[in-house]
Amino acid sequence: MLIRPVNYFGHAAVASWHADQGGLSLGAMLPDFATMCGARVTGTPDPDVAAGLDLHHRTDAVFHALPVVTGLMRELDERLLQGGCARGPRRAVAHIGVELLLDGILLDEVRYRDTYLAGLAHEAELTWRAADDEQRFATLRSRLRAHGVPEDLRSPESITLRLARVLARRPLLAPSQADLRAISVALAAHRPRIEVATDTVVRGLRAALT
């Protein structure tokens, strides 16, 4: 089962440790933005954006190998299992849910918020796989700029709605209404664990990436 996460705010947070340039932040978020709008970026002449793209993939590799992260995902999977969530959505939410809950905690850091907004504001030349990919991204970025910092990630209920939209496109993973109720309860119960573990996650990432 391959589910590409869309925890773009966390990637902006990591970019803030390396530089304050908007290009690095934009590049670090681009793979997630491309997933969100069904596009695929294939390159850029902007060196900061290119560095951000590389940082995105290095961050994912380190993040998913951290014992604290894999432990949090196992714990959330168990909560969902106990709540009666079906296997498909349970496995997906155990992965993505941890990432989005973590993003909700990271929102408290002003530097992360500023770097996120700087990334959205950065203009860069990008090349895309398909002819309409550029317009797809432009539409998404316009919506994200209007929305501003994703404050809704503080709420497990809002994260549940995000997950419902993402997983609805995958028949084997699409949650039922009963699954969504179990997901909302599990995320709310798991958020305090994420709060406690966030500093450990951040220190692990910083040690590997900076």
Where Lys and Arg each count +1 and Asp and Glu each count -1, what net charge lies around L81 among other residues with Cβ under 9 Å from its Cβ?
+1
What is the sum of charges, Lys and Arg at +1 and Asp and Glu at -1, for the other residues whose Cβ falls under 14 Å from the Cβ of T198?
-1
Divide the volume of the convex hull of the Cα atoms of the range 51-108 by its number of residues and quote the answer in cubic angstrom per residue.
93
Work from the charge dipole of the chain (Cβ charges, +1 for Lys and Arg, -1 for Asp and Glu, about the Cα centre) and give the residue of G38, T115, A208 farthest towards its positive end.
G38
Can you check what the net charge comes to around A208, using other residues whose Cβ is under 13 Å from the Cβ of A208 (Lys, Arg +1; Asp, Glu -1)?
+2
For the range 196-204, what does the Karplus curve 6.51 cos²θ - 1.76 cosθ + 1.60, with θ = phi - 60°, yield as ³J(HN,Hα) per residue in whole Hz, taken in order and with x for Gly and Pro?
5, 8, 4, 4, 5, 4, 4, 5, x
Compute the separation of the alpha-carbon centres of the range 193-207 and the range 22-77 and state it in Å as a whole number.
17
Residue by residue through the range 141-153, what is 3J(HN,Hα) from phi via Karplus (6.51 cos²θ - 1.76 cosθ + 1.60, θ = phi - 60°)? Round to whole Hz and write x for glycine and proline.
5, 4, 5, 5, 4, 5, 6, x, 4, x, 4, 4, 5
Built amide H within the under 5 Å cut-off of W128, gap 5+
T42
Can you put D32, D108 in order of Cβ neighbours within 10 angstrom, beginning with the fewest?
D108, D32
28 Å tail of the calculated P(r), the chain, as % of Cα pairs:
26
Computed for the range 8-209: size of charge dipole around the Cα centre, +1 on C-beta of each Lys and Arg, -1 on C-beta of each Asp and Glu, debye to nearest 20, value 780
Computed about the Cα centre, the charge dipole of the range 121-176 from +1 Lys/Arg and -1 Asp/Glu charges at the Cβ has a magnitude in debye, to the nearest 20, of 260
Would you kindly derive the ³J(HN,Hα) couplings of the range 80-90 from the backbone phi angles with the Karplus curve 6.51 cos²θ - 1.76 cosθ + 1.60 (θ = phi - 60°), listing them in order in whole Hz, with x for Gly and Pro?
5, 4, 5, x, x, 5, 5, 4, x, x, 4
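Coordinate-derived values only; no laboratory data. What you see is a predicted model, and the numbers here were worked out from it, not measured in a lab. All Cβ positions, even for glycine, are placed from backbone atoms using ideal geometry, and neighbour counts span all protein chains on display.
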